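Data block below; observations after.
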Amino acid sequence: MKTFSLSDEACESIRRFHAEYGEQLRTFAMHGWFIAPFHTPIENIYPLAKLFNGNEADKAHQQLIVHFNKIQSDIELSLSQDFTERATVIHRAFEAHRRKNYELSIPVMLIQADGISKEIIGASIYSQSSRKMLQLFVDRAGNENKMEKDLLQIALRDMPINFSKKDADAAGKILNRHEILHGINSNYASPLNSCRAISWLQYVAHFNDFKILT
């Protein structure tokens, strides 16, 4: 039986991709975007991160808007099936997004992400006081898979979505949960931010895949 082996160059490329995966995800998060492998193939991550790092953020944003609009129905269905008691609210949030009613879609999605995190982890994914509980969950869930741990650990990073009251100004124009849900920022409604909110909601829901392991 003929066998095939990867070249040293190919092996090095794979090794490098795995080593840099966490930082690519952090780049996404610092620009307000999050992924779940089931919805966004990991091979798409590096080219988009390269655009962000190469001062071509507008191109990356546009590609991600197209991507999340394309898969929004799949995400909505998955969320409704996994969190049946939230299905009506989730459906209405996505319907608001489709109708370009971003004033409503964005805060509702952020609220649902908060509730889903409490349901899965037992604590808010935003709260600094919950970091120990979240860290324990991540350590257990990512115990056997470094790339999954890299993905889950993003929630432990300080980033625009979870900047606290004192740091919220640093978020700039990037989606910040505190400013929106506390009525500080009333200029958040945009297709970009609504797609960012979808990405955050499906990222938080991805933690449910590891609930049984913890």
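Observations on the structure shown:
- The slack in the chain from Arg98 to Leu77, taken as 0.36 nm per residue of separation less the alpha-carbon distance, amounts to 6.1 nm.
- Greater than 22 Å apart at Cα, pairs in Lys118/Lys173; Lys100/Lys173; Lys146/Lys173; Lys70/Lys146: Lys118/Lys173; Lys146/Lys173; Lys70/Lys146
- Coil-residue GluC sites (Glu not before Pro) of segment 15-71, DSSP, other Cβ within 10 Å capped at 14: Glu56
- Other-chain or far-sequence residues with amide H under 5 Å of Asn185's (modelled H): Ile180
- Formal net charge of residues neighbouring Tyr188 (Cβ-Cβ distance under 12 Å; K, R +1; D, E -1): +1
- Taking max minus min of the alpha-carbon positions on each principal axis, segment 48-151 gives extents of 40, 38, 24 Å, largest first.
- Charge tally around Ala96: other residues with Cβ under 14 Å, Lys/Arg +1 each, Asp/Glu -1 each, net +1.
- Helices assigned as whole DSSP H runs in the chain whose Cα atoms extend at least 24 Å along their own long axis and whose mean Kyte-Doolittle hydropathy is 0.5 or higher are found at 102-121.
- Counting 0.36 nm for each residue step from Ser127 to Glu43 and taking away their Cα separation leaves a gain of 27.1 nm.
- Comparing Val204, Val108, Val89 in a Gaussian network model of the chain, where Cα atoms under 10 Å apart are tied by springs, the biggest mean-square fluctuation is seen for Val89.
- According to the Cα-based calculation, Rg over Rh for segment 73-214 is 0.96, with Rh computed by the Kirkwood formula.
Every read-out reported here was derived from the displayed coordinates using simple, explicitly stated rules and does not represent laboratory data. Keep in mind that this is a model prediction, so the values were computed, not measured. No Cβ is skipped: glycine too gets one built from the backbone with ideal geometry, and neighbour counts run over all protein chains shown.
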